[in-house]
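J.: Sending over a structure as structure tokens; questions will come in a sec.
Values quoted throughout were computed directly from the atomic coordinates according to the rules given, and no laboratory measurement underlies them. The structure displayed is predicted, hence computed values, not measured ones. FYI the Cβ positions are ideal-geometry reconstructions off the backbone, even for glycines, and counts take in every protein chain you see.
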């Protein structure tokens, strides 16, 4: 299931309705024995298909030609290797937060549904709460303020969700492998060695050995480059790693509201 499908499978509507119910207890207390109302946000975590192995649990590494064939032969791992996915450890999925952008859209959609449902019944808005019309007129200004405070108002940064997209990975949950030598999951390093080599033969002048030439050996400088290719020790061949800031969860608790999802205390009537 893709992210959009997951986001649409949850709803904040029960959350808004529960907050409205508890806010209206200040207008009319609940009857004795009434069921307890809990205004909890829906679960925001999902088990997402691993982006490294595409949900298979394994990755196939095919060694490319990085120049190792013409530089002393291939050195390192085999040309092809199948291994357990290092990103999800073979579990095929990763536990992450829902995509914050999709989640924000869902919250807006559900809040609009909540508003429409209460307005269609002729109820009157008090902050983000809705009060029955026949009860509204009897409420003092102070009581209306308490009703609005009871419902609360959303955090301006996360809009009720309590999370915000990770800034380091931009909500992806993964970042490129940090190893500068990593190329497609392979660590490629080149080593150049300089050495001296003896070469026999005399000095040549115009293609002929003259009387001043030497027939002894001489030393010449040589360089040899070796290309070493092995599975990258940093990403294990996945070419990506879990974001170090969010741990692969794509989002972090909102810094503005400390993960509560609500704004600073206020009536919403200001």
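J.: With a 10 Å Cβ neighbour count serving as the proxy for reagent exposure, in which order, fewest first, do 36, 123 appear?
T.: Working: 36 6, 123 20.
Fewest-to-most ranking of 36, 123: 36, 123.
J.: How high is the relative contact order of segment 28-140, in percent, counting Cα pairs under 8 Å that sit 6 or more residues apart?
T.: Values: 89 pairs, mean separation 27.7, N = 113.
The value is 24 percent.
J.: Okay, next question. For segment 46-166, what does the alpha-carbon gyration tensor say about shape, rounded, prolate or oblate, given a ≥ b ≥ c as the root eigenvalues, a/c under 1.5 as rounded, and a/b over b/c as prolate? Write out the running numbers ahead of the final one.
T.: Details: a/c = 5.47, a/b = 4.46, b/c = 1.23.
Cα axes put segment 46-166 in the prolate bin.
J.: Take the Cα of residue 13, step 7 Å along the line toward its Cβ, and report every residue of segment 87-129 whose backbone nitrogen sits under 15 Å from that point.
T.: It comes to 106-121, nothing else.
J.: Here's a follow-up. Go through 165-175, 95-105 and give me the packing order, highest mean Cβ count within 10 Å leading. It would help to have the intermediate numbers written out before the result.
T.: Details: 165-175: 18.1, 95-105: 19.7.
Highest mean packing first, the order is 95-105, 165-175.
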